[in-house]
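Q: Pasting in a structure now, in structure tokens, and then I'll have a few things to ask.
The values are calculated or read from the model by the stated rules, or taken from the named source; none is laboratory data. Not measured: the values here are computed from a predicted model. Cβ sites come from the backbone with ideal geometry, for glycine too, and all protein chains shown count toward neighbours.
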Amino acid sequence: MTLNQVYNGSSIQQVMELLKEYKEDAKIIAGGTDIVVAMREGKLAPKVLIDISKIEDLSEIKVERDSIEIGAGVTYTQLVENGAFGKNLKGLIKACSMVGSPQIRNKGTIGGNIANAAPAADSIPPLIALGARLKIGSTRGYREVLLEDYFQKLKDHGLRNDELLISIGFMKAKDKEILSFSKLGLRKALAISRATISMLIGIDNGIIHNIVVASGSIGKFPMREIEVEKSLLGRSIDEDILDLAVDSLQESMDKRLEGRSTLPYKRRAIVSLLEEALRESNIYRSEVKL
Amino acid sequence: MMEIQLIINDINYKVDIDVNMRLIDLLRDKLGLTGTKEGCGEGECGACTIIMDGESVNSCLVMAFQANGSNIITIEGLENNGELDPIQRAYMEEGSVQCGFCIPGLIISTKALLDKHPNPTREEIREGMSGNLCRCTGYNKAIDAAQKAIEYLKEGQNDFKNSW
Ligand SMILES: Cc1cc2nc3c(=O)[nH]c(=O)nc-3n(C[C@H](O)[C@H](O)[C@H](O)COP(=O)(O)OP(=O)(O)OC[C@H]3O[C@@H](n4cnc5c(N)ncnc54)[C@H](O)[C@@H]3O)c2cc1C
Ligand code: FES
Ligand code: FES
């Protein structure tokens, strides 16, 4: 290892100054569950490591009346144990509670999951469905970027080497909205057998009033599934909405994954994922007061 | 080199560490606390599980310098004045141990679970142990041991109350 300098970060400001000083030589370490493995495999060889796991300002979940802001250093366990995520946000809690093992959830952070940008990062589809925005800071100032755009144009929007991901913010789901999450395959399973779907659906008098759908491991990066949204918007939940969703997602996949060997398998796999997500929307709906 | 301060099993330590060291290297190689085992070295097997600031973690995925200021419990910290912890006793009595390599990690995961949820269901115990692999046993005996430990811990509390 080439590592020769380490810092116990004590404030956001201090970390941003260290990043400015060391730039590409430095790496942030939060839970370490991705980066320690990467360093040992020789995939990453930073000269400087800056630990952010003990910075309190990064590990807070701020709950306002209409919005929630999750510090980048919040762990999966912290999120799952926080009572502020009402029943209609169950999809986010479900995604976090299915990550790795208790030990991984106790250390792994939401910020690490996003900054690491793996296609199979589980917290990302539900956060995209919620319209989450990232708050990113450096000594040059702060900027915000929509999580959905972040992955679309990672080259333009991705973290620069002097930048720190500070928090992830979103509006709370409304009373009549439900966030679902469904997942297929383990993280280490072959890429072909992995996929996740998260949906935020608002229903009014039995009609799908608003809908956001996001997927993980179905494309090159986590993304919105706009065609699925279009196919379901305005429909009655008594219609055959599963068929509509399956047809439109398969059509998008046919274009996106044309010629890939994974396509035939994934075309079938998403049927059960969409079914689970829609079923959850209905089950959860009965628990949310309408 | 760098000096860090931490508490391990209720003892204060000031130690010089190499910046490249992981917490498991500090525990085993520097401090001789070899009860914590290294299996996979990549977060999959749980043999290296310890309790750090109240939560179970894989010590193979923590850099030693990150433990600066932390409070750590390892398997060596469980016995009390020569008496085994009730969880250790339950593992022995239930015959939950074969080769033993995974056991320190399993016992620490059991402790972390029971510290937070004193009354877990069998399913919750299984989930609490899901980050620990055992190549010898079928996990059922470890779950039996956890259930027995729950009883011991309750009795212990009653004994404590009775002695007042
Ligand atoms: C056994 C095992 C099982 C796993 N299972 C899952 C799973 O089921 N689902 C899943 O999604 N993931 C899984 N992971 C991957 C990993 O646990 C997650 O991606 C986790 O969220 C990473 O967070 P961390 O805090 O540990 O990141 P770290 O390893 O500390 O950092 C990861 C990367 O992000 C950067 N970074 C971290 N925080 C910031 C910040 N605030 N600002 C800028 N850069 C930052 C670091 O520099 C590094 O490059 C698993 C990992 C292991 C070892
Ligand atoms: S050695 Fe740490 S999890 Fe296997
Ligand atoms: S007893 Fe041998 S690995 Fe568990």
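Q: Against the condition aliphatic (A, V, I, L, M), on the phi < 0 side of the Ramachandran plot and within 12 Å of chain A (Cβ to nearest Cβ), how does B:MET92 come out, does it pass?
A: So B:MET92 fails the test.
Q: Within region B:97-135, can you find the residues that are more than 22 Å from A:ILE104 (Cβ to Cβ), away from ligand 2 (no atom under 16 Å from the Cβ) and of a type in the set (A, V, I, L, M, F, W, C)?
A: B:VAL97
The rows are residues; the columns are (1) charged (D, E, K, R); (2) within 16 Å of ligand 1 (Cβ to nearest atom).
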site	(1), (2)
B:GLU93	yes, no
B:ILE103	no, no
B:ILE107	no, no
B:MET129	no, yes
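Q: Among what's in region B:127-159 and is within 17 Å of the chain's Cα centre (by Cα) and hydroxyl-bearing (Ser, Thr, Tyr), pick the residue that is surrounded by the fewest Cβ atoms within 10 Å (Cβ to Cβ).
A: B:SER130
Q: Since A:ALA118 meets every condition but one in (1) under 30 Å from B:GLY54 (Cα atoms); (2) crowded, with 21+ Cβ neighbours inside 10 Å; (3) hydrophobic (A, V, I, L, M, F, W, C), which condition does it not meet?
A: Exception for A:ALA118: condition (2).
Q: May I ask you to list the residues in region A:153-170 that are at pLDDT below 95 and surrounded by 14 or more Cβ atoms within 10 Å (Cβ to Cβ)?
A: A:HIS157, A:GLY158
Q: How many of the residues in region B:128-142 are farther than 12 Å from B:GLY95 by Cβ and among the polar types (S, T, N, Q)?
A: Count: 2.
Q: Against the conditions (1) crowded, with 20+ Cβ neighbours inside 10 Å; (2) within 12 Å of chain A (Cβ to nearest Cβ); (3) in a helix (DSSP H, G or I), where does B:GLU124 fall short? Just the number, please.
A: (1)
Q: Determine whether B:CYS40 is within 14 Å of another protein chain (Cβ to nearest Cβ) and under 16 Å from the mean Cα position of the chain (by Cα).
A: Answer is no for this residue.
Q: Moving to a separate point now. Only one of B:ALA47, B:ALA112 is within 16 Å of ligand 1 (Cβ to nearest atom), touching a helix residue (DSSP H, G or I) at 6+ places or on another chain (Cβ under 8 Å) and at pLDDT 95 or above; which?
A: B:ALA47
Q: While we're here: Mind listing whichever residues of region A:205-229 are out of contact with any Leu (no Cβ under 9 Å at 6 or more places or on another chain) and among the charged types (D, E, K, R)?
A: If the condition is that a residue be out of contact with any Leu (no Cβ under 9 Å at 6 or more places or on another chain) and among the charged types (D, E, K, R), then A:LYS220, A:ARG224, A:GLU229 are the ones that fit.
Q: Which numbered condition in (1) of a type in the set (D, E, K, R); (2) surrounded by fewer than 20 Cβ atoms within 10 Å (Cβ to Cβ); (3) not in a loop (DSSP other than H, G, I, E, B) is the only one that A:LYS174 fails?
A: (3) is the only condition that A:LYS174 fails.
Q: State whether one or more residues within region B:43-63 are within 7 Å of another protein chain (Cβ to nearest Cβ), surrounded by fewer than 20 Cβ atoms within 10 Å (Cβ to Cβ) and under 23 Å from B:GLU3 (Cβ atoms).
A: Within region B:43-63, not a single residue is within 7 Å of another protein chain (Cβ to nearest Cβ), surrounded by fewer than 20 Cβ atoms within 10 Å (Cβ to Cβ) and under 23 Å from B:GLU3 (Cβ atoms).
Q: Which members of region B:106-121 meet the condition of being touching a residue at least 60 places away in the same chain (Cβ under 8 Å) and exposed (fewer than 15 other Cβ atoms within 10 Å of the Cβ)?
A: B:ASP115 - this is the single residue of region B:106-121 that is touching a residue at least 60 places away in the same chain (Cβ under 8 Å) and exposed (fewer than 15 other Cβ atoms within 10 Å of the Cβ).
Q: Within region A:1-86, considering only strands (runs of 3 or more DSSP E) that don't extend past its boundaries, which have at least 3 residues that are away from chain B (no Cβ under 14 Å)? Spell out the reasoning first.
A: Numbers: elements: A:5-8, A:26-29, A:48-51, A:61-63, A:67-71.
Correct list: A:61-63, A:67-71.
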